[in-house]
Amino acid sequence: MPECPCQRPLPVLVVGSCNFDLTIQSERLPGPSETVLGGDYRAAPGGKGANQALGLARLGSEVRFLARVGQDHYGELILAHLRAQAGLDVSQVEQDAEAPTGLALITLDSAGTRTIVVAPGANASLSEARVERFLKDAPSGAILVTGLEIPVPTICHLMRLAKRYNLHTVLHASPAVEIPRDILRLVDVLVLNQSELHVISGRSAQHLETAAGAAERLLAEGVGTVLVTMGTRGVLCIRQAEAWPPLGATTGSRFIPGYKVRVKDGNVASSAFIAGFVHRLACSAARAGAELGEAVRYGLAAMAVSLGRPGGQASLASCEDVAAFLAQGAGAAERAEGEEPQLADDKLVELGRHATSVRRRIIRMLYTARSGHPGGSLSVVEVLTALYFHTMVYNPRQPDWPNRDRLVLSKGHAAPALYATLIEAGFLDPALEGTLRKLGSPLQGHPDRKKCPGVEMSTGSLGQGLSVANGMALAARHTHGGYRVYCIMGDGEVQEGQIWEAAMTAAHNELDNLCAVVDYNALQIDGNISQIKSPIEPLADKWKAFGWNVINVYGHDLVDLCAAFDRARQTARKPTMIVAHTIKGHGVSFMEGVIEYHGSTLSEDEVRRALSELEGGAHEL
């Protein structure tokens, strides 16, 4: 990606909040009525409006900022801080003689999870008349950025005026509050995270697929483009056909992946993304070339720089910072002191090769068999790769070794993925690859432990695997075998009642040698999981409520998966659930997220295309 493309971007108008942030670091967040001892604390200027205005100015945008603070100590500190920033016009940041400066109380735990309570103070006195005066001199075509930390009636009036003055509008829907539905048609770009999307749309939004459905509901109410931020994973872009900004040639997929960094401070992450996104649009618009995908990628880079540095507003990136980050590979991050090392580069390359090889085997198997389940097999490849080539202890030459780790593939219809992995790991002869679903073959349509070495349980009838995994884990305890038990389930499968009986049993028996994985691709045989039965979301919270240690990961990130299995091994007195957010059909572009590939026959052309993608060139069958 090129450096900042213009010297004079279009002006950006920011109308939002100014707060003073008090942040306390603690090992964990307190529960209801609980007091916990914290560690370090930080007091510094904040507020999403101020963060975005400052972030834009640091990147080189010309910013006009409207906000209110109190006539108090905190207000004076904020004004002094903002006035020191070049390129930021704070002449219309006013002091309120009657209301105090807004205050945010932030608690941050060791995993980076935070809670925030905001007392709006002077932010609540930003009036409709004041924003009307602010917009009178706004240049046509400029970009207006605002958020929900100021009064909703003021925001509604602001958005109506913006259309009158021919301004492009970016609304950061945070915090998630009730807003009049008729203003959604005035929003060009709506930026929000998954929990905010859930509140505003009224739809489940924890997974990529369910988030897309929830975002499309907002499009139906008039929003031009919805950007759903998913942390370092990336941004989901859902838009109307003629919406601003245009897609352009480089946008590609509706999901734009983020940059992997070691997070040091996430307090201003969303504001850093919006600042980078809007700055890039302002630069592009100045040269008549605003483009959505390019702007989102630039915003993700600006956010990554901020995440990798401590200090709240001090972590916000300059244009030079973003350019340097992108130039060094857009993901290199030094390991924090005392932190466990990541996978070595050669190990990661080796795992990636195994995953690609497993995918190729799956495609060839399914083509030879002329039947099977491609989508759900492809979605678990990285999970199986992390288990068999990083985590599990086994001897492929002695599949029945008593002290081996066990894997139960409860979603038995993903058998091709298990067979391909067992071939890759040396359990099975590669020549068996062409015998899937053939009479007399050990590779039946669903796993058969009596016929296939390396298969621990005959599965296919959904909902039973976790119960059997419980029994295996209890047996390990009673025999002092020392082995661990892993169980992979489908997300549609967890609609089965037996799963939750088994979940209670595992927690009751404190089976810390049990680790389960939900392949959360959000699609089951009849459609989206939220459309088939009462939504399983919030999935992670349900397992926590049942007494499990829960880890959320992106299920196609081998580094995160390996780290999650390592953490599960270190967890005491609780079973672990890894919620692996995956994409059905992952690795083959035309299969990704397509329900028809749950169970289907692959044509000769589809197989050629799939193998060509996986092997990087034309393929002859």
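Against the criterion of being open to solvent by 10 Å² or more (accessible area, probe 1.4 Å), in contact with a Phe, Trp or Tyr (Cβ under 8 Å, 6 or more places away or on another chain), farther than 30 Å from Asn470 by Cβ and assigned by TED's automatic domain parsing to the domain that holds Cys515, Leu428 does not qualify. Can you tell me which residue within region 365-385, out of those that are assigned to a helix (DSSP H, G or I) and touching a strand residue (DSSP E or B) at 6+ places or on another chain (Cβ under 9 Å), is farthest from Ala516 (Cα to Cα)? Within region 365-385, the match that is farthest from Ala516 (Cα to Cα) is Gly375. Filtering Leu103, Leu190 for residues that are open to solvent by 40 Å² or more (accessible area, probe 1.4 Å), assigned to a strand (DSSP E or B), at pLDDT 90 or above and assigned by TED's automatic domain parsing to the domain that holds Val69 leaves a single hit, Leu103. Filtered by the rule that a residue be under 29 Å from the mean Cα position of the chain (by Cα) and either free of Cβ contacts under 8 Å to residues at least 24 places away in the same chain or under 24 Å from Pro9 (Cβ atoms) (or both), region 132-157 gives Ile143, Leu144, Val145, Thr146, Gly147. Among all positions in region 206-228, there is no residue which is assigned to a strand (DSSP E or B), farther than 22 Å from Val177 by Cβ and touching a Lys or Arg at 6+ places or on another chain (Cβ under 8 Å). From the residues in region 386-413 that are in contact with a strand residue (DSSP E or B) (Cβ under 9 Å, 6 or more places away or on another chain) and among the polar types (S, T, N, Q), which one is nearest to Arg477 (Cα to Cα)? Filtering region 386-413 for residues that are in contact with a strand residue (DSSP E or B) (Cβ under 9 Å, 6 or more places away or on another chain) and among the polar types (S, T, N, Q), the one nearest to Arg477 (Cα to Cα) comes out as Thr391.
Scanning region 459-482 for residues that are open to solvent by less than 60 Å² (accessible area, probe 1.4 Å) and either within 15 Å of Glu510 (Cα to Cα) or touching a Leu at 6+ places or on another chain (Cβ under 8 Å) (or both) yields Thr459, Gly465, Leu466, Ser467, Ala469, Asn470, Gly471, Met472, Ala473, Leu474, Ala475, Ala476.
Specify which of the listed residues (Thr154, Thr146, Thr115) is assigned to a strand (DSSP E or B) and at pLDDT 95 or above.
Thr146
Checked against (1) at pLDDT 95 or above; (2) in a loop (DSSP other than H, G, I, E, B); (3) open to solvent by less than 30 Å² (accessible area, probe 1.4 Å), Ala417 passes all but condition (2).
Inside region 193-203, can you point out the residues that are farther than 21 Å from Gln240 by Cα and either in contact with a helix residue (DSSP H, G or I) (Cβ under 7 Å, 6 or more places away or on another chain) or not assigned by TED's automatic domain parsing to the domain that holds Ala243 (or both)?
Of region 193-203, the ones farther than 21 Å from Gln240 by Cα are 195, 199.
Passing the criteria: none in range.
Residue pairs whose Cβ atoms lie under 6 Å apart, separated by 6 or more positions or on different chains, with the first residue in region 31-43 and under 12 Å from Leu108 (Cα atoms) and the second aliphatic (A, V, I, L, M), are Gly38/Ile24; Tyr41/Ile24. Residues that are in contact with an Asp or Glu (Cβ under 8 Å, 6 or more places away or on another chain), open to solvent by less than 30 Å² (accessible area, probe 1.4 Å) and closer than 21 Å to Ala417 by Cα are absent from region 562-577 altogether. Of all the listed residues (Glu613, Glu596), the sole one being of a type outside the set (Phe, Trp, Tyr), open to solvent by 40 Å² or more (accessible area, probe 1.4 Å) and either touching a residue at least 24 places away in the same chain (Cβ under 8 Å) or not in a helix (DSSP H, G or I) (or both) is Glu613.
Out of region 582-592, which residues are within 24 Å of Ile499 (Cα to Cα) and open to solvent by 20 Å² or more (accessible area, probe 1.4 Å)? Full working, then the answer.
Within region 582-592, the subset within 24 Å of Ile499 (Cα to Cα) is 582-584.
Within region 582-592, just Ile583 meets the criteria.
Within region 202-220, residues that are more than 15 Å from Val235 (Cα to Cα) sit with their Cβ atoms under 7 Å from residues that are in a loop (DSSP other than H, G, I, E, B), at 6+ positions apart or across chains, in these pairs: Ser204/Pro535; Ser204/Glu537; Arg217/Arg203; Leu219/Gln240. Among helices (runs of 4 or more DSSP H) entirely within region 496-554, having at least 3 residues that are closer than 17 Å to Gly463 by Cα and either among the hydrophobic types (A, V, I, L, M, F, W, C) or modelled with pLDDT under 90 (or both) singles out 497-508. For region 158-175, check the following and say yes or no: at least one residue is within 19 Å of Leu292 (Cα to Cα), open to solvent by less than 40 Å² (accessible area, probe 1.4 Å), without any contact (Cβ under 8 Å) to a residue 40 or more places away in the chain and among the β-branched types (Val, Ile, Thr). Among the residues of region 158-175, at least one is within 19 Å of Leu292 (Cα to Cα), open to solvent by less than 40 Å² (accessible area, probe 1.4 Å), without any contact (Cβ under 8 Å) to a residue 40 or more places away in the chain and among the β-branched types (Val, Ile, Thr), which makes the answer yes. Evaluated against (1) modelled with pLDDT of 95 or more; (2) more than 15 Å from Pro399 (Cα to Cα); (3) in a loop (DSSP other than H, G, I, E, B), Leu428 falls short on exactly one condition, (2). Scanning region 420-429 for residues that are out of contact with any Lys or Arg (no Cβ under 8 Å at 6 or more places or on another chain) and not hydrophobic (A, V, I, L, M, F, W, C), we see that the one that is nearest to Thr385 (Cα to Cα) is Thr421.
Do we have Ala327 as at pLDDT below 80 and either open to solvent by 20 Å² or more (accessible area, probe 1.4 Å) or out of contact with any strand residue (DSSP E or B) (no Cβ under 7 Å at 6 or more places or on another chain) (or both) here? Explain how you work it out, then say what you get.
On the way: at pLDDT below 80: no; either open to solvent by 20 Å² or more (accessible area, probe 1.4 Å) or out of contact with any strand residue (DSSP E or B) (no Cβ under 7 Å at 6 or more places or on another chain) (or both): yes.
So Ala327 fails the test.
Go through region 221-244 and give me each residue that's without any contact (Cβ under 8 Å) to a residue 60 or more places away in the chain, of a type outside the set (Lys, Arg) and surrounded by 17 or more Cβ atoms within 10 Å (Cβ to Cβ).
Keep residues of region 221-244 that are without any contact (Cβ under 8 Å) to a residue 60 or more places away in the chain, which gives 221-224, 226, 228-231, 236-243.
Filter once more, keeping what is of a type outside the set (Lys, Arg): 221-224, 226, 228-231, 236-238, 240-243.
Correct list: Val223, Gly224, Val226, Val228, Thr229, Met230, Gly231, Leu236, Cys237, Ile238, Ala243.
Of the residues in region 432-453, none is open to solvent by less than 30 Å² (accessible area, probe 1.4 Å) and under 20 Å from His390 (Cα atoms).
The values are calculated or read from the model by the stated rules, or taken from the named source; none is laboratory data. Everything numeric here is computed off the predicted structure, so don't read it as measured data. Here Cβ is always computed from backbone atoms with ideal geometry, including for glycine, and neighbour counts include all displayed protein chains. Keep in mind that these areas ignore ligands, DNA and RNA; they rest on the heavy atoms of the full protein, side chains included. Shrake-Rupley method; radii C 1.70, N 1.55, O 1.52, S 1.80 Å.
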